[in-house]
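Here's the structure we're looking at; comments come further down.
Every read-out reported here was derived from the displayed coordinates using simple, explicitly stated rules and does not represent laboratory data. Note that the structure is predicted; figures quoted are calculated from it, not measured. Here Cβ is always computed from backbone atoms with ideal geometry, including for glycine, and neighbour counts include all displayed protein chains.
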Amino acid sequence: MDIFAHRGARAYAPENTLCAFQKAYAMRADGIELDVQLTKDGVPVICHDHSVNRTSNGQGWIKDYTLAEIKQLDFGSWFHSDFRGETIPTLEEFLRWFASTGMRLNIEIKNGPVIYTGIESKVIEAVKKYDLVEQVFISSFFHPSLLMTKQLCPRIKTGALFTCRPLDPLEFCRQSQADYLHPAWESIDSLWASEAKHHGIKIHTFTVNHLDQYDFVKSMEVDAIFTDYPDIWPK
Ligand code: G3P
Ligand code: MG
C-alpha cells in the first residue's frame, strides 16, 4: 500500500507549499497529492480552496488574482510563524523540483464551482514538459475534466474522486474513462472493492489520518492512501 502525502505533509507544514512537499520527500512518502487551479492570467497554481482566505494573508478568489498579485501573498504564516513568506507554488515551479525526486504524483484538478476552462491542457502540457507522464496521474471530483484529460493525452492515468458511494462504482469508473477509483475511505465496502480488484481497477483512498483506520484500508486491499501524516504508517 503506497503512502501519498495529502497536499504535501500537511500535518507538519502549510498545505500545498513547496516546504510541505519537501517534507513529504524527507519522510520518504511514495507520492504527493496536490490541487491545481488557474490564476486570472491562466497560470496553474497549487492551492486547495478556490479562495485564498483560509491559507494566506489575502482575501478573494484565486481566479481574480494575476500570478504577480497572488505571489505577493504569504501562504505560510497562517500555519505557523516559522513559515512566514512561503508563497503559492506554480505547478511549473513544483514540477521543476519534483522531477528529480523519483516519487509519484497525483495532480487533482479543482474544477467547480469555479470552472477553469482549459485547465486540463495546461496541466498536461506542464507534465509533458518535465517528461513525467508515467509518474503522474490526474484526478478530479469534476468528471468531465477526466474525460477531457483522456482526450488530450490517452496514456496518462486518471482517477475518479467521490465522497458518497455511487450505485455502481465500476460503472461510474467506466463512464468517466478513469483508470482508478479515488473514494473517501468511508465509502469503501468489500463488495465493490473486491470487484474493482477483480477488474484490475486500483483504489486510492482519502483522507486516512489515524492508525486505527489502517486495518480497515489494508483489509480492503487499497493500493494507496492519501494522508496528512506520511510518517506514521507501518512499513
Ligand atoms: O485527492 C484526494 C483528496 O485530496 C480529495 O479531497 O478536498 O482534500 O482535495 P480534497
Ligand atoms: Mg486534493
With -39,500 (n - 2.57) per DSSP H segment of 4 or more residues and division by the full residue count of the chain, the 222 nm estimate, nearest 500 deg cm²/dmol, is -7500 deg cm²/dmol
Total charge of the residues flanking G159 in space, meaning their Cβ is under 11 Å from its Cβ, with Lys and Arg +1 and Asp and Glu -1, is -2
Region 89-183 -> Rg/Rh from Cα coords, Kirkwood Rh, value 0.97
Excluding residues fewer than 8 positions from K122 in its own chain, the lysines with Cα under 29 Å of it are K23, K40, K63, K71, K110, K150, K157, K202
Taking only the alpha-carbon atoms of the chain, the convex hull volume per residue, in cubic angstrom, is 118 Å³
Here the Cα Rg-to-2.2 N^0.38 Å ratio for region 1-113 is 1.00
